[in-house]
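What follows is a single structure, written as C-alpha coordinates, with notes after it.
The values are calculated or read from the model by the stated rules, or taken from the named source; none is laboratory data. Keep in mind that this is a model prediction, so the values were computed, not measured. Here the Cβ is made from the backbone with ideal geometry for all residues, glycine too, and neighbour counts use every protein chain on show.
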Amino acid sequence: MIQMTEEHLHDLLKKMYLNSMEAIFFIDEDGNVIAMNPAAENILDVDVIRRMRSGVDESFCQTCKGYTDEKDLISCSKCYLDYPQGEFSSFQVYLKTRGEGIVPYAASYHTIDESRGIRVLMLLDLTKQQKTQEMLQRMNMLKYVIKAQEDERKRISRELHDSVAQELLSSLVDLRVLKYMDVGEDALNKLRQTEASLTRLLDDIRHLSVELRPSSLDDLGLEAAFRSHFKWIEKNYGILVRFSAELAAARYGSEIETVVYRVCQEAVLNALKYSGMDEVHVRLCEEQGQLLLTVRDDGVGFDLNAGEAKGTGLGLYGMRERAELVGGQFMLLSAPGGGTTVQLRIPISSFEGEANES
Amino acid sequence: MNNQPGFHYQEEIDKLRERFRFDFVSLAWVQPAEDRFVLTWQYASGNLNERYKRIVLHSGKGIAGIVFKTGKPMLIQNVAADLSSRDLFNYPIIVAEQLKSLGAVPLWEGKRVVGVLLAGYRTEDRLDESSFELFQQGLETEFGAFRVKEGAHP
(Lines give C-alpha, C1' and ligand atoms only; values in the text may rest on other atoms or scores of the structure.)
Protein backbone atom coordinates (compact mmCIF):
# COMPACT_ATOMS: atom_id res chain seq x y z
CA MET A 1 0.00 0.00 0.00
CA ILE A 2 1.32 3.39 -0.90
CA GLN A 3 1.92 5.90 1.83
CA MET A 4 -1.14 8.09 1.99
CA THR A 5 -0.23 11.74 2.14
CA GLU A 6 -2.69 14.45 3.01
CA GLU A 7 -2.51 15.72 -0.51
CA HIS A 8 -3.06 12.32 -2.02
CA LEU A 9 -6.10 11.70 0.12
CA HIS A 10 -7.60 15.01 -0.91
CA ASP A 11 -7.09 14.13 -4.50
CA LEU A 12 -8.71 10.70 -4.13
CA LEU A 13 -11.63 12.03 -2.16
CA LYS A 14 -12.26 14.69 -4.73
CA LYS A 15 -12.15 12.17 -7.54
CA MET A 16 -14.52 9.95 -5.65
CA TYR A 17 -16.90 12.86 -5.14
CA LEU A 18 -16.84 13.72 -8.82
CA ASN A 19 -16.86 10.26 -10.38
CA SER A 20 -18.64 8.02 -7.94
CA MET A 21 -21.81 6.18 -9.04
CA GLU A 22 -23.17 6.92 -5.65
CA ALA A 23 -25.05 10.16 -5.25
CA ILE A 24 -23.55 12.22 -2.44
CA PHE A 25 -25.33 15.11 -0.73
CA PHE A 26 -23.93 17.30 2.02
CA ILE A 27 -26.74 18.51 4.20
CA ASP A 28 -26.64 21.08 6.99
CA GLU A 29 -28.47 21.12 10.31
CA ASP A 30 -31.68 22.53 8.79
CA GLY A 31 -31.94 19.83 6.17
CA ASN A 32 -30.72 22.09 3.39
CA VAL A 33 -28.48 20.76 0.67
CA ILE A 34 -25.19 22.60 0.66
CA ALA A 35 -23.45 20.53 -1.96
CA MET A 36 -24.03 17.55 -4.20
CA ASN A 37 -21.89 15.59 -6.62
CA PRO A 38 -22.56 15.10 -10.35
CA ALA A 39 -24.15 11.71 -9.77
CA ALA A 40 -26.61 13.38 -7.40
CA GLU A 41 -27.35 16.13 -9.90
CA ASN A 42 -28.14 13.49 -12.47
CA ILE A 43 -30.99 12.05 -10.52
CA LEU A 44 -32.63 15.25 -9.28
CA ASP A 45 -35.22 17.18 -11.19
CA VAL A 46 -33.76 20.14 -13.08
CA ASP A 47 -36.30 22.43 -11.40
CA VAL A 48 -35.27 21.27 -7.96
CA ILE A 49 -31.59 21.87 -8.69
CA ARG A 50 -32.35 25.37 -9.97
CA ARG A 51 -34.31 26.19 -6.84
CA MET A 52 -31.54 24.82 -4.65
CA ARG A 53 -28.90 26.79 -6.52
CA SER A 54 -30.81 30.06 -6.41
CA GLY A 55 -31.49 29.59 -2.74
CA VAL A 56 -35.30 29.69 -3.06
CA ASP A 57 -35.69 26.30 -1.42
CA GLU A 58 -32.67 24.32 -0.44
CA SER A 59 -34.54 21.70 1.52
CA PHE A 60 -33.90 18.08 0.58
CA CYS A 61 -37.53 17.43 1.44
CA GLN A 62 -38.77 18.49 -2.00
CA THR A 63 -36.98 15.52 -3.55
CA CYS A 64 -37.43 12.94 -0.84
CA LYS A 65 -40.74 11.10 -0.77
CA GLY A 66 -40.07 9.25 2.45
CA TYR A 67 -38.19 6.22 3.69
CA THR A 68 -39.07 2.68 4.62
CA ASP A 69 -39.60 2.00 8.32
CA GLU A 70 -41.02 -0.98 10.19
CA LYS A 71 -44.60 0.13 9.62
CA ASP A 72 -44.73 1.55 6.12
CA LEU A 73 -43.01 1.17 2.80
CA ILE A 74 -42.94 4.94 2.38
CA SER A 75 -43.11 6.94 5.57
CA CYS A 76 -42.16 10.40 6.78
CA SER A 77 -42.54 9.80 10.50
CA LYS A 78 -39.35 10.50 12.42
CA CYS A 79 -37.69 11.83 9.30
CA TYR A 80 -33.97 11.17 9.14
CA LEU A 81 -33.38 14.85 8.43
CA ASP A 82 -34.96 15.83 11.75
CA TYR A 83 -33.70 13.02 13.94
CA PRO A 84 -29.99 12.79 13.27
CA GLN A 85 -29.59 10.75 16.43
CA GLY A 86 -31.74 7.96 14.98
CA GLU A 87 -30.19 4.86 13.44
CA PHE A 88 -29.74 5.82 9.80
CA SER A 89 -26.54 4.09 8.81
CA SER A 90 -28.44 2.04 6.24
CA PHE A 91 -32.01 2.49 5.08
CA GLN A 92 -34.18 2.65 2.00
CA VAL A 93 -35.42 5.98 0.74
CA TYR A 94 -37.70 6.97 -2.13
CA LEU A 95 -36.74 9.93 -4.28
CA LYS A 96 -38.56 11.79 -6.98
CA THR A 97 -36.09 11.56 -9.82
CA ARG A 98 -35.64 13.19 -13.17
CA GLY A 99 -37.77 11.41 -15.75
CA GLU A 100 -38.01 8.14 -13.82
CA GLY A 101 -40.64 8.98 -11.27
CA ILE A 102 -40.29 7.73 -7.73
CA VAL A 103 -37.34 5.38 -7.40
CA PRO A 104 -36.05 3.49 -4.35
CA TYR A 105 -32.46 4.08 -3.17
CA ALA A 106 -30.30 2.45 -0.57
CA ALA A 107 -29.15 5.31 1.63
CA SER A 108 -26.81 6.00 4.48
CA TYR A 109 -26.93 9.20 6.47
CA HIS A 110 -24.44 10.28 9.10
CA THR A 111 -22.74 13.26 10.61
CA ILE A 112 -19.28 14.06 9.31
CA ASP A 113 -18.79 17.46 10.93
CA GLU A 114 -20.04 17.49 14.51
CA SER A 115 -19.27 21.18 15.22
CA ARG A 116 -21.16 22.58 12.22
CA GLY A 117 -23.75 19.82 12.05
CA ILE A 118 -22.89 18.83 8.50
CA ARG A 119 -24.09 15.42 7.49
CA VAL A 120 -23.62 13.34 4.38
CA LEU A 121 -26.33 11.40 2.57
CA MET A 122 -25.16 8.74 0.16
CA LEU A 123 -27.53 7.00 -2.23
CA LEU A 124 -27.29 3.91 -4.38
CA ASP A 125 -29.91 3.05 -7.00
CA LEU A 126 -31.88 0.00 -5.93
CA THR A 127 -34.22 -0.51 -8.89
CA LYS A 128 -32.17 -3.23 -10.50
CA GLN A 129 -31.69 -5.16 -7.32
CA GLN A 130 -35.37 -4.80 -6.53
CA LYS A 131 -36.35 -6.09 -9.95
CA THR A 132 -34.17 -9.14 -9.41
CA GLN A 133 -35.75 -9.68 -6.05
CA GLU A 134 -39.24 -9.22 -7.44
CA MET A 135 -38.57 -11.79 -10.15
CA LEU A 136 -37.24 -14.20 -7.59
CA GLN A 137 -40.26 -13.67 -5.42
CA ARG A 138 -42.63 -14.08 -8.34
CA MET A 139 -41.00 -17.34 -9.35
CA ASN A 140 -41.24 -18.64 -5.83
CA MET A 141 -44.81 -17.48 -5.55
CA LEU A 142 -45.74 -19.17 -8.80
CA LYS A 143 -44.12 -22.35 -7.63
CA TYR A 144 -46.22 -22.25 -4.49
CA VAL A 145 -49.39 -21.48 -6.40
CA ILE A 146 -48.86 -24.32 -8.86
CA LYS A 147 -47.95 -26.69 -6.06
CA ALA A 148 -50.94 -25.64 -4.00
CA GLN A 149 -53.20 -26.10 -6.99
CA GLU A 150 -51.80 -29.54 -7.71
CA ASP A 151 -52.05 -30.57 -4.06
CA GLU A 152 -55.62 -29.38 -3.81
CA ARG A 153 -56.57 -31.12 -7.03
CA LYS A 154 -54.94 -34.27 -5.75
CA ARG A 155 -56.82 -34.05 -2.47
CA ILE A 156 -60.24 -33.50 -4.08
CA SER A 157 -59.53 -36.15 -6.67
CA ARG A 158 -58.62 -38.71 -3.98
CA GLU A 159 -61.61 -37.75 -1.91
CA LEU A 160 -63.94 -38.27 -4.86
CA HIS A 161 -62.32 -41.52 -5.83
CA ASP A 162 -61.83 -43.08 -2.42
CA SER A 163 -64.86 -41.96 -0.50
CA VAL A 164 -67.65 -40.55 -2.66
CA ALA A 165 -67.30 -43.12 -5.43
CA GLN A 166 -66.90 -45.97 -2.93
CA GLU A 167 -70.02 -44.98 -1.00
CA LEU A 168 -71.96 -44.75 -4.21
CA LEU A 169 -70.73 -48.14 -5.30
CA SER A 170 -71.89 -49.79 -2.11
CA SER A 171 -75.34 -48.17 -2.48
CA LEU A 172 -75.40 -49.52 -6.00
CA VAL A 173 -74.65 -53.01 -4.73
CA ASP A 174 -77.48 -52.67 -2.20
CA LEU A 175 -79.78 -51.63 -4.99
CA ARG A 176 -78.81 -54.64 -7.08
CA VAL A 177 -79.63 -56.91 -4.16
CA LEU A 178 -83.13 -55.41 -4.16
CA LYS A 179 -83.69 -56.72 -7.67
CA TYR A 180 -83.54 -60.28 -6.42
CA MET A 181 -86.08 -59.70 -3.71
CA ASP A 182 -89.75 -60.19 -4.15
CA VAL A 183 -90.84 -56.94 -5.76
CA GLY A 184 -93.46 -56.15 -8.35
CA GLU A 185 -92.80 -55.54 -12.05
CA ASP A 186 -93.34 -51.79 -11.72
CA ALA A 187 -90.88 -51.51 -8.88
CA LEU A 188 -88.38 -53.62 -10.78
CA ASN A 189 -88.58 -51.30 -13.77
CA LYS A 190 -88.05 -48.28 -11.61
CA LEU A 191 -85.16 -50.04 -9.92
CA ARG A 192 -83.49 -50.67 -13.24
CA GLN A 193 -83.81 -47.02 -14.19
CA THR A 194 -82.38 -45.88 -10.87
CA GLU A 195 -79.55 -48.34 -11.22
CA ALA A 196 -78.77 -46.98 -14.66
CA SER A 197 -78.69 -43.38 -13.55
CA LEU A 198 -76.62 -44.21 -10.47
CA THR A 199 -74.16 -46.07 -12.66
CA ARG A 200 -73.93 -43.01 -14.86
CA LEU A 201 -73.39 -40.82 -11.83
CA LEU A 202 -70.63 -43.08 -10.59
CA ASP A 203 -69.05 -42.84 -13.99
CA ASP A 204 -69.25 -39.06 -13.95
CA ILE A 205 -67.62 -38.90 -10.54
CA ARG A 206 -64.79 -41.14 -11.68
CA HIS A 207 -64.30 -38.95 -14.72
CA LEU A 208 -64.23 -35.85 -12.60
CA SER A 209 -61.68 -37.40 -10.31
CA VAL A 210 -59.40 -38.36 -13.20
CA GLU A 211 -59.87 -34.99 -14.86
CA LEU A 212 -58.77 -33.18 -11.71
CA ARG A 213 -55.66 -35.25 -11.39
CA PRO A 214 -55.24 -38.81 -12.55
CA SER A 215 -54.26 -41.01 -9.64
CA SER A 216 -52.45 -43.16 -12.18
CA LEU A 217 -49.92 -40.35 -12.50
CA ASP A 218 -48.94 -40.82 -8.87
CA ASP A 219 -49.37 -44.57 -8.76
CA LEU A 220 -48.20 -45.77 -12.14
CA GLY A 221 -46.28 -42.93 -13.73
CA LEU A 222 -46.38 -40.83 -16.86
CA GLU A 223 -46.90 -43.48 -19.47
CA ALA A 224 -49.98 -45.01 -17.89
CA ALA A 225 -51.48 -41.62 -17.12
CA PHE A 226 -50.93 -40.48 -20.70
CA ARG A 227 -52.44 -43.60 -22.20
CA SER A 228 -55.70 -43.20 -20.32
CA HIS A 229 -55.76 -39.46 -20.93
CA PHE A 230 -55.33 -39.89 -24.68
CA LYS A 231 -58.05 -42.50 -24.79
CA TRP A 232 -60.31 -40.00 -23.10
CA ILE A 233 -59.28 -37.28 -25.57
CA GLU A 234 -60.06 -39.57 -28.47
CA LYS A 235 -63.55 -40.29 -27.20
CA ASN A 236 -64.35 -36.74 -26.24
CA TYR A 237 -63.00 -34.89 -29.19
CA GLY A 238 -62.58 -37.46 -31.93
CA ILE A 239 -58.86 -36.68 -32.12
CA LEU A 240 -56.39 -39.48 -32.52
CA VAL A 241 -53.27 -39.14 -30.39
CA ARG A 242 -50.37 -41.19 -31.69
CA PHE A 243 -48.37 -41.81 -28.57
CA SER A 244 -44.95 -43.37 -28.45
CA ALA A 245 -43.20 -43.74 -25.11
CA GLU A 246 -39.63 -44.93 -24.86
CA LEU A 247 -39.23 -44.76 -21.14
CA ALA A 248 -39.50 -48.39 -20.07
CA ALA A 249 -41.89 -47.34 -17.32
CA ALA A 250 -39.26 -45.21 -15.60
CA ARG A 251 -40.35 -42.93 -12.77
CA TYR A 252 -39.18 -39.42 -12.06
CA GLY A 253 -39.67 -36.91 -9.29
CA SER A 254 -43.33 -36.12 -8.81
CA GLU A 255 -42.65 -32.47 -9.62
CA ILE A 256 -41.19 -33.41 -12.99
CA GLU A 257 -43.95 -35.85 -13.80
CA THR A 258 -46.57 -33.26 -12.99
CA VAL A 259 -44.92 -30.67 -15.20
CA VAL A 260 -44.59 -33.09 -18.12
CA TYR A 261 -48.18 -34.21 -17.74
CA ARG A 262 -49.63 -30.72 -17.54
CA VAL A 263 -47.54 -29.32 -20.36
CA CYS A 264 -48.49 -32.22 -22.59
CA GLN A 265 -52.15 -31.90 -21.65
CA GLU A 266 -52.12 -28.24 -22.59
CA ALA A 267 -50.18 -28.80 -25.81
CA VAL A 268 -52.53 -31.55 -26.98
CA LEU A 269 -55.54 -29.44 -26.08
CA ASN A 270 -54.09 -26.57 -28.12
CA ALA A 271 -53.51 -28.89 -31.05
CA LEU A 272 -57.07 -30.16 -31.02
CA LYS A 273 -58.51 -26.69 -30.62
CA TYR A 274 -56.49 -24.82 -33.19
CA SER A 275 -54.56 -27.12 -35.52
CA GLY A 276 -57.59 -28.25 -37.51
CA MET A 277 -56.10 -31.73 -37.76
CA ASP A 278 -57.51 -34.93 -36.35
CA GLU A 279 -54.16 -36.42 -35.42
CA VAL A 280 -51.55 -35.36 -32.88
CA HIS A 281 -48.20 -37.03 -32.34
CA VAL A 282 -46.79 -37.29 -28.85
CA ARG A 283 -43.37 -38.71 -28.13
CA LEU A 284 -41.81 -39.22 -24.74
CA CYS A 285 -38.21 -40.34 -24.43
CA GLU A 286 -34.90 -39.92 -22.68
CA GLU A 287 -32.00 -38.30 -24.44
CA GLN A 288 -28.59 -37.37 -23.04
CA GLY A 289 -29.75 -37.21 -19.46
CA GLN A 290 -32.83 -35.26 -20.40
CA LEU A 291 -36.47 -36.18 -20.45
CA LEU A 292 -37.84 -35.12 -23.80
CA LEU A 293 -41.49 -34.53 -24.62
CA THR A 294 -42.54 -33.70 -28.17
CA VAL A 295 -46.07 -32.82 -29.19
CA ARG A 296 -46.43 -32.34 -32.92
CA ASP A 297 -49.28 -31.70 -35.32
CA ASP A 298 -49.28 -31.08 -39.08
CA GLY A 299 -52.05 -28.53 -38.88
CA VAL A 300 -52.47 -24.91 -39.86
CA GLY A 301 -49.73 -23.59 -37.55
CA PHE A 302 -49.48 -19.94 -36.68
CA ASP A 303 -47.20 -16.94 -36.83
CA LEU A 304 -45.10 -16.94 -33.67
CA ASN A 305 -44.54 -13.21 -33.93
CA ALA A 306 -48.14 -12.28 -34.52
CA GLY A 307 -48.57 -11.38 -30.86
CA GLU A 308 -52.30 -11.90 -31.24
CA ALA A 309 -53.29 -15.15 -29.53
CA LYS A 310 -56.26 -17.14 -30.78
CA GLY A 311 -57.21 -18.13 -27.25
CA THR A 312 -56.36 -16.38 -24.02
CA GLY A 313 -52.63 -16.69 -24.66
CA LEU A 314 -52.27 -17.92 -21.10
CA GLY A 315 -51.70 -21.53 -22.06
CA LEU A 316 -48.33 -20.92 -23.69
CA TYR A 317 -47.30 -18.69 -20.83
CA GLY A 318 -48.30 -21.35 -18.32
CA MET A 319 -46.40 -24.09 -20.13
CA ARG A 320 -43.26 -21.98 -20.20
CA GLU A 321 -43.59 -21.11 -16.52
CA ARG A 322 -44.13 -24.72 -15.55
CA ALA A 323 -41.10 -25.79 -17.56
CA GLU A 324 -38.95 -23.20 -15.79
CA LEU A 325 -40.04 -24.51 -12.42
CA VAL A 326 -38.09 -27.73 -12.89
CA GLY A 327 -35.23 -26.13 -14.79
CA GLY A 328 -36.64 -27.37 -18.08
CA GLN A 329 -36.56 -25.84 -21.52
CA PHE A 330 -39.73 -25.13 -23.44
CA MET A 331 -39.61 -24.72 -27.18
CA LEU A 332 -42.34 -23.83 -29.62
CA LEU A 333 -41.92 -24.19 -33.36
CA SER A 334 -44.62 -23.13 -35.75
CA ALA A 335 -45.23 -21.41 -39.05
CA PRO A 336 -48.46 -20.70 -40.90
CA GLY A 337 -49.29 -23.85 -42.83
CA GLY A 338 -46.34 -25.71 -41.38
CA GLY A 339 -47.82 -27.38 -38.33
CA THR A 340 -46.80 -26.84 -34.74
CA THR A 341 -44.27 -28.59 -32.56
CA VAL A 342 -43.96 -28.18 -28.82
CA GLN A 343 -40.85 -29.51 -27.18
CA LEU A 344 -40.07 -29.82 -23.52
CA ARG A 345 -36.66 -30.83 -22.20
CA ILE A 346 -36.08 -31.49 -18.53
CA PRO A 347 -32.71 -32.45 -17.08
CA ILE A 348 -33.17 -35.59 -14.99
CA SER A 349 -29.66 -36.50 -13.89
CA SER A 350 -30.06 -34.85 -10.50
CA PHE A 351 -33.23 -36.78 -9.81
CA GLU A 352 -31.91 -40.21 -10.62
CA GLY A 353 -30.31 -40.60 -7.23
CA GLU A 354 -33.59 -39.87 -5.53
CA ALA A 355 -35.50 -42.34 -7.64
CA ASN A 356 -32.98 -45.08 -6.90
CA GLU A 357 -33.17 -44.48 -3.18
CA SER A 358 -36.91 -44.78 -3.10
CA MET B 1 -83.05 -51.07 -33.35
CA ASN B 2 -80.06 -50.59 -35.60
CA ASN B 3 -81.15 -53.43 -37.79
CA GLN B 4 -84.68 -52.32 -38.47
CA PRO B 5 -85.49 -54.39 -41.53
CA GLY B 6 -86.23 -52.41 -44.61
CA PHE B 7 -84.84 -49.21 -43.27
CA HIS B 8 -81.49 -48.04 -44.48
CA TYR B 9 -80.38 -45.19 -42.30
CA GLN B 10 -77.51 -44.19 -44.53
CA GLU B 11 -79.83 -43.92 -47.48
CA GLU B 12 -82.38 -42.00 -45.44
CA ILE B 13 -79.98 -39.37 -44.17
CA ASP B 14 -78.50 -39.03 -47.65
CA LYS B 15 -82.02 -38.32 -48.85
CA LEU B 16 -82.61 -35.82 -46.07
CA ARG B 17 -79.43 -34.00 -46.96
CA GLU B 18 -80.46 -33.89 -50.61
CA ARG B 19 -83.97 -32.71 -49.82
CA PHE B 20 -83.03 -29.80 -47.54
CA ARG B 21 -79.68 -29.08 -49.23
CA PHE B 22 -77.82 -29.62 -45.95
CA ASP B 23 -74.05 -29.84 -45.96
CA PHE B 24 -74.04 -32.42 -43.23
CA VAL B 25 -76.51 -34.81 -41.66
CA SER B 26 -75.69 -37.26 -38.93
CA LEU B 27 -77.47 -39.73 -36.73
CA ALA B 28 -76.46 -40.64 -33.19
CA TRP B 29 -77.98 -43.14 -30.88
CA VAL B 30 -77.56 -44.25 -27.38
CA GLN B 31 -75.63 -47.43 -26.64
CA PRO B 32 -77.07 -50.17 -24.45
CA ALA B 33 -76.48 -50.36 -20.72
CA GLU B 34 -73.35 -52.47 -20.95
CA ASP B 35 -71.74 -49.55 -22.80
CA ARG B 36 -72.90 -47.16 -20.12
CA PHE B 37 -75.44 -45.37 -22.30
CA VAL B 38 -72.91 -43.32 -24.21
CA LEU B 39 -73.92 -41.68 -27.47
CA THR B 40 -72.07 -42.23 -30.70
CA TRP B 41 -72.61 -40.92 -34.21
CA GLN B 42 -73.59 -44.00 -36.21
CA TYR B 43 -74.25 -42.59 -39.64
CA ALA B 44 -73.12 -39.45 -41.40
CA SER B 45 -73.77 -37.91 -44.75
CA GLY B 46 -71.62 -35.18 -46.27
CA ASN B 47 -68.87 -35.69 -43.69
CA LEU B 48 -65.41 -34.21 -44.30
CA ASN B 49 -63.55 -36.93 -42.42
CA GLU B 50 -64.02 -39.93 -40.19
CA ARG B 51 -63.63 -38.07 -36.96
CA TYR B 52 -67.29 -38.42 -36.07
CA LYS B 53 -66.79 -42.16 -35.64
CA ARG B 54 -64.36 -41.64 -32.79
CA ILE B 55 -66.52 -39.30 -30.77
CA VAL B 56 -68.16 -40.82 -27.70
CA LEU B 57 -70.53 -38.54 -25.83
CA HIS B 58 -71.89 -38.83 -22.36
CA SER B 59 -75.35 -37.62 -21.50
CA GLY B 60 -75.30 -33.85 -21.28
CA LYS B 61 -72.08 -33.51 -23.26
CA GLY B 62 -71.89 -32.28 -26.81
CA ILE B 63 -74.83 -31.61 -29.12
CA ALA B 64 -76.17 -35.15 -28.99
CA GLY B 65 -75.66 -35.32 -25.23
CA ILE B 66 -77.63 -32.14 -24.62
CA VAL B 67 -80.50 -33.06 -26.92
CA PHE B 68 -80.54 -36.54 -25.40
CA LYS B 69 -80.69 -35.18 -21.87
CA THR B 70 -83.22 -32.39 -22.44
CA GLY B 71 -85.36 -34.16 -25.05
CA LYS B 72 -85.74 -30.82 -26.83
CA PRO B 73 -84.66 -29.74 -30.29
CA MET B 74 -81.59 -27.54 -30.37
CA LEU B 75 -80.82 -24.82 -32.87
CA ILE B 76 -77.51 -23.05 -33.28
CA GLN B 77 -78.18 -20.55 -36.00
CA ASN B 78 -74.71 -19.07 -36.04
CA VAL B 79 -71.90 -20.97 -34.36
CA ALA B 80 -69.54 -17.98 -34.25
CA ALA B 81 -72.13 -15.77 -32.55
CA ASP B 82 -73.88 -18.30 -30.31
CA LEU B 83 -70.91 -20.22 -28.96
CA SER B 84 -67.76 -18.68 -27.60
CA SER B 85 -64.66 -19.99 -29.27
CA ARG B 86 -63.40 -21.23 -25.92
CA ASP B 87 -66.53 -23.32 -25.57
CA LEU B 88 -66.38 -24.67 -29.07
CA PHE B 89 -64.20 -27.67 -28.41
CA ASN B 90 -66.91 -29.07 -26.17
CA TYR B 91 -68.89 -29.66 -29.35
CA PRO B 92 -66.47 -31.89 -31.26
CA ILE B 93 -68.85 -32.59 -34.13
CA ILE B 94 -69.08 -28.85 -34.93
CA VAL B 95 -65.32 -28.54 -35.00
CA ALA B 96 -64.70 -31.77 -36.87
CA GLU B 97 -67.22 -30.97 -39.60
CA GLN B 98 -66.70 -27.20 -39.56
CA LEU B 99 -70.40 -26.54 -39.15
CA LYS B 100 -71.55 -22.94 -38.95
CA SER B 101 -75.30 -23.28 -38.62
CA LEU B 102 -77.05 -26.38 -37.36
CA GLY B 103 -79.98 -27.97 -35.60
CA ALA B 104 -80.56 -31.26 -33.81
CA VAL B 105 -83.76 -33.09 -32.87
CA PRO B 106 -84.39 -35.94 -30.45
CA LEU B 107 -85.68 -39.26 -31.70
CA TRP B 108 -88.00 -41.13 -29.40
CA GLU B 109 -88.85 -44.62 -28.42
CA GLY B 110 -91.89 -44.29 -26.23
CA LYS B 111 -91.09 -41.78 -23.52
CA ARG B 112 -87.35 -42.04 -23.88
CA VAL B 113 -84.93 -40.31 -26.17
CA VAL B 114 -82.88 -42.93 -27.92
CA GLY B 115 -81.33 -41.05 -30.78
CA VAL B 116 -80.39 -37.62 -32.08
CA LEU B 117 -80.63 -36.41 -35.66
CA LEU B 118 -78.33 -33.53 -36.53
CA ALA B 119 -78.39 -31.44 -39.67
CA GLY B 120 -76.33 -28.40 -40.52
CA TYR B 121 -74.61 -26.10 -42.96
CA ARG B 122 -71.07 -24.90 -43.31
CA THR B 123 -72.26 -21.35 -43.99
CA GLU B 124 -73.47 -19.02 -41.28
CA ASP B 125 -77.15 -18.36 -40.60
CA ARG B 126 -78.37 -20.86 -43.19
CA LEU B 127 -80.59 -22.56 -40.65
CA ASP B 128 -82.91 -20.22 -38.78
CA GLU B 129 -86.00 -20.81 -36.69
CA SER B 130 -88.43 -20.98 -39.57
CA SER B 131 -86.33 -23.31 -41.73
CA PHE B 132 -85.58 -25.48 -38.69
CA GLU B 133 -89.32 -25.66 -38.08
CA LEU B 134 -89.85 -26.66 -41.71
CA PHE B 135 -87.24 -29.36 -41.38
CA GLN B 136 -88.94 -30.75 -38.30
CA GLN B 137 -92.30 -30.78 -40.04
CA GLY B 138 -90.70 -32.32 -43.09
CA LEU B 139 -89.58 -35.28 -41.03
CA GLU B 140 -92.40 -37.69 -40.99
CA THR B 141 -93.73 -38.95 -37.70
CA GLU B 142 -91.36 -41.87 -37.85
CA PHE B 143 -87.73 -42.17 -38.73
CA GLY B 144 -86.87 -45.82 -39.01
CA ALA B 145 -87.47 -47.42 -35.64
CA PHE B 146 -87.70 -44.01 -33.97
CA ARG B 147 -90.58 -41.69 -33.48
CA VAL B 148 -90.07 -37.99 -34.08
CA LYS B 149 -92.47 -37.04 -31.29
CA GLU B 150 -92.54 -38.14 -27.71
CA GLY B 151 -94.80 -41.15 -27.29
CA ALA B 152 -97.74 -41.30 -24.89
CA HIS B 153 -96.66 -44.45 -23.09
CA PRO B 154 -93.68 -46.73 -23.16
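If we keep just the residues of the range B:96-116 that are within 20 Å of B:Glu133 (Cβ to Cβ) and over 10 Å from the mean Cα position of the chain (by Cα), which is farthest from the other protein chains (Cβ to nearest Cβ)? Across the range B:96-116, the extreme among qualifying residues is B:Ser101. Please work out which residue is nearest to the other protein chains (Cβ to nearest Cβ), limiting yourself to the range A:231-242 and to residues that are surrounded by fewer than 19 Cβ atoms within 10 Å (Cβ to Cβ) and under 14 Å from A:Arg296 (Cα atoms). Here the residue is A:Leu240. Selection of strands (runs of 3 or more DSSP E) fully inside the range A:72-179 by the criterion of at least 1 residues being more than 37 Å from the chain's Cα centre (by Cα) returns A:101-113, A:118-125. Scanning the range A:131-174 for residues that are touching a Leu at 6+ places or on another chain (Cβ under 7 Å), among the basic types (Lys, Arg) and within 30 Å of A:Glu195 (Cβ to Cβ) gives no hits. Consider the range A:77-99 and keep the residues that are touching a helix residue (DSSP H, G or I) at 6+ places or on another chain (Cβ under 9 Å) and not aliphatic (A, V, I, L, M). The one that is surrounded by the most Cβ atoms within 10 Å (Cβ to Cβ) is A:Thr97. The residues of the range A:228-251 that are more than 30 Å from the chain's Cα centre (by Cα) and under 18 Å from A:Ile348 (Cβ atoms), listed by number, are A:Glu246, A:Ala248, A:Ala249. Every listed requirement among (1) under 29 Å from A:Tyr274 (Cβ atoms); (2) in a loop (DSSP other than H, G, I, E, B); (3) within 11 Å of another protein chain (Cβ to nearest Cβ) is met by B:Phe37 save one, (1). A single entry from A:Ile74, A:Ile102, A:Ile27, A:Ile49 fulfils the requirement of being in contact with a Leu (Cβ under 9 Å, 6 or more places away or on another chain) and surrounded by 13 or more Cβ atoms within 10 Å (Cβ to Cβ): A:Ile27. Exactly one residue out of B:Ile76, B:Ile93, B:Ile66 is of a type in the set (Val, Ile, Thr), touching a helix residue (DSSP H, G or I) at 6+ places or on another chain (Cβ under 9 Å), buried (at least 17 other Cβ atoms within 10 Å of the Cβ) and more than 11 Å from every other protein chain (Cβ to nearest Cβ): that is B:Ile76. Number of residues in the range B:65-112 that are in contact (Cβ under 8 Å) with a residue 40 or more places away in the chain, more than 24 Å from B:Val148 (Cα to Cα) and among the polar types (S, T, N, Q): the value is 2. On the given criteria, is B:Leu57 out of contact with any Cys (no Cβ under 6 Å at 6 or more places or on another chain) and either more than 9 Å from chain A (Cβ to nearest Cβ) or hydroxyl-bearing (Ser, Thr, Tyr) (or both)? For B:Leu57, the condition - out of contact with any Cys (no Cβ under 6 Å at 6 or more places or on another chain) and either more than 9 Å from chain A (Cβ to nearest Cβ) or hydroxyl-bearing (Ser, Thr, Tyr) (or both) - is not met. On the given criteria, is A:Ala196 in a helix (DSSP H, G or I), in contact with a Phe, Trp or Tyr (Cβ under 8 Å, 6 or more places away or on another chain), at pLDDT 85 or above and on the phi < 0 side of the Ramachandran plot? Considered against the rule, which asks whether it is in a helix (DSSP H, G or I), in contact with a Phe, Trp or Tyr (Cβ under 8 Å, 6 or more places away or on another chain), at pLDDT 85 or above and on the phi < 0 side of the Ramachandran plot, A:Ala196 comes out as no.
Right, B:His8: at negative phi and in contact with a strand residue (DSSP E or B) (Cβ under 9 Å, 6 or more places away or on another chain) or not? It is false that B:His8 is at negative phi and in contact with a strand residue (DSSP E or B) (Cβ under 9 Å, 6 or more places away or on another chain).
The selection criterion, being more than 9 Å from every other protein chain (Cβ to nearest Cβ), surrounded by 13 or more Cβ atoms within 10 Å (Cβ to Cβ), of a type in the set (D, E, K, R) and free of Cβ contacts under 8 Å to residues at least 24 places away in the same chain, holds for B:Lys15.
Of the residues examined, A:Glu58 is not one that is modelled with pLDDT of 85 or more and surrounded by 10 or more Cβ atoms within 10 Å (Cβ to Cβ). Reported count of residues in the range A:197-227, each being within 14 Å of another protein chain (Cβ to nearest Cβ) and either more than 22 Å from B:Gly60 (Cβ to Cβ) or over 28 Å from the mean Cα position of the chain (by Cα) (or both), is 11. Kindly check whether there is at least one residue in the range B:114-132 that is of a type in the set (Lys, Arg) and over 20 Å from A:Lys235 (Cα atoms). So far as the range B:114-132 goes, yes, one or more of its residues are of a type in the set (Lys, Arg) and over 20 Å from A:Lys235 (Cα atoms).
Only a single item in (1) modelled with pLDDT of 85 or more; (2) surrounded by 11 or more Cβ atoms within 10 Å (Cβ to Cβ); (3) closer than 23 Å to A:Tyr17 by Cβ is not met by A:Gly117, and it is number (1).
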